[in-house]
Every structure is written in C-alpha cells, then in structure tokens.
Amino acid sequence: AAAMSGKTKAKTVAQFVPGRPPGSCPALARKPEDSRRVARLCAASDPATVAQFVIEILGIDLRPALRKIACPLVVFGALAGKQPTQPRAVLEQTYEAQYANAPQTRFRFFRHASRYIMVDDPAGFEAALEQELATTSRATH
C-alpha cells in the first residue's frame, strides 16, 4: 500500500486517472455513459487524498468492531459483474459472512448493479432506500 501510495501522491490530477489500469473506473458501472461519468468523478479526486485513504484503510479490518453497533444496519449489495463467476447464493453468503459480527444486519441485493448501485439501478436504489428509511423510521418512533 505504501509503495502504491507514494506513486499516486506524486501524480498530478491530470495524470491520476490516465495512469489507472485500463477499465478500472469504467468497470464500476454497466452502461458506457455511466462509465464515463464515473471516470470523470475519479478524475476529480485528489491523488494525495486517495493515496492517504489507501494507506489508512487497506491494513484495517473493521469487522470485529461491527459488534459495537447497536442500531439496525442495512447493507446494499451489488451483484452484477460477479454473478457470471459465482452463483448468487454464494455472493449473498459472502456479504453475510462479512457482517457476522452484526447480527442485526439486513441485506438488500441488487442483481443489476455492478458497484455503484445508485448509478446502475437508480430507481431500485431509491425505492429500496425509501423503504428502508420508512421501516427504520416506524421502528424508532
């Protein structure tokens, strides 16, 4: 992580995205126009900030700390792009295993979303978010 960070911090913003592996940003969205939009967002990122994030987050496993969360937890999981190589049940089990320390977690899976659910399935994302917020709001009042 530190070696990658040093190389990334040394880049200008203009060098940052072109230096990324081919398809690294576009692979995050399913439609070409959305891929271009994600790439523009990546290009707006400050390389030094991204590098610092990489240094800080890559070596940290926050799963044990999940047991400290007392409130309901909802995880939205993107499945597209992964399903050709793994059955949906295996993908769902993988997500669930990551949150095993937070048994109050509920999962919402999106089979048509690659990574950015709100980009690949905006209507599904909005409907699921509204439903979860309404459910949580009713449960806490």
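The values are calculated or read from the model by the stated rules, or taken from the named source; none is laboratory data. None of the values given here were measured: they were computed from a predicted structure. With ideal geometry, Cβ positions are generated from the backbone for all residues, glycine too; neighbour counts draw on all protein chains shown. Ligands, DNA and RNA are excluded from the accessible area calculation, which covers all protein heavy atoms including side chains. Shrake-Rupley method; radii C 1.70, N 1.55, O 1.52, S 1.80 Å.
Structure notes:
- Among the residues making up the stretch 28-77, those that are over 27 Å from A100 (Cβ atoms), assigned to a loop (DSSP other than H, G, I, E, B) and open to solvent by 70 Å² or more (accessible area, probe 1.4 Å) are R30, K31, A44, D46.
- Cβ separations smaller than 6 Å between residues 6+ apart or across chains give the following pairs from the stretch 32-58 residues that are more than 23 Å from D120 (Cα to Cα) to residues that are aromatic (F, W, Y): P47/F16.
- Tally, over the stretch 78-103, of residues that are in contact with a strand residue (DSSP E or B) (Cβ under 8 Å, 6 or more places away or on another chain) and assigned to a helix (DSSP H, G or I): 5
A quick yes/no check of all residues on (1) at positive phi; (2) of a type in the set (S, T, N, Q); (3) touching a residue at least 24 places away in the same chain (Cβ under 8 Å):
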| site | (1), (2), (3) |
| --- | --- |
| K68 | no, no, no |
| L79 | no, no, yes |
| Q86 | no, yes, no |
| V90 | no, no, no |
| Y95 | no, no, no |
| A102 | no, no, yes |
| R106 | no, no, yes |
| F109 | no, no, yes |
| S114 | no, yes, yes |
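- Filtering the stretch 109-118 to residues that are open to solvent by 80 Å² or more (accessible area, probe 1.4 Å) and assigned to a helix (DSSP H, G or I) leaves only M118.
- Annotation: G81 fulfils all but one of (1) under 18 Å from L28 (Cβ atoms); (2) touching a helix residue (DSSP H, G or I) at 6+ places or on another chain (Cβ under 7 Å); the unmet one is (2).
- Of all the numbered requirements in (1) open to solvent by 70 Å² or more (accessible area, probe 1.4 Å); (2) over 23 Å from A134 (Cα atoms); (3) of a type in the set (D, E, K, R), R106 misses one, and that requirement is (2).
- When each of I60, I69, I117 is tested for being out of contact with any Leu (no Cβ under 7 Å at 6 or more places or on another chain) and modelled with pLDDT of 95 or more, the lone residue that passes is I69.
- Any hit, the stretch 126-136, residues being closer than 27 Å to P32 by Cα and open to solvent by 70 Å² or more (accessible area, probe 1.4 Å): yes
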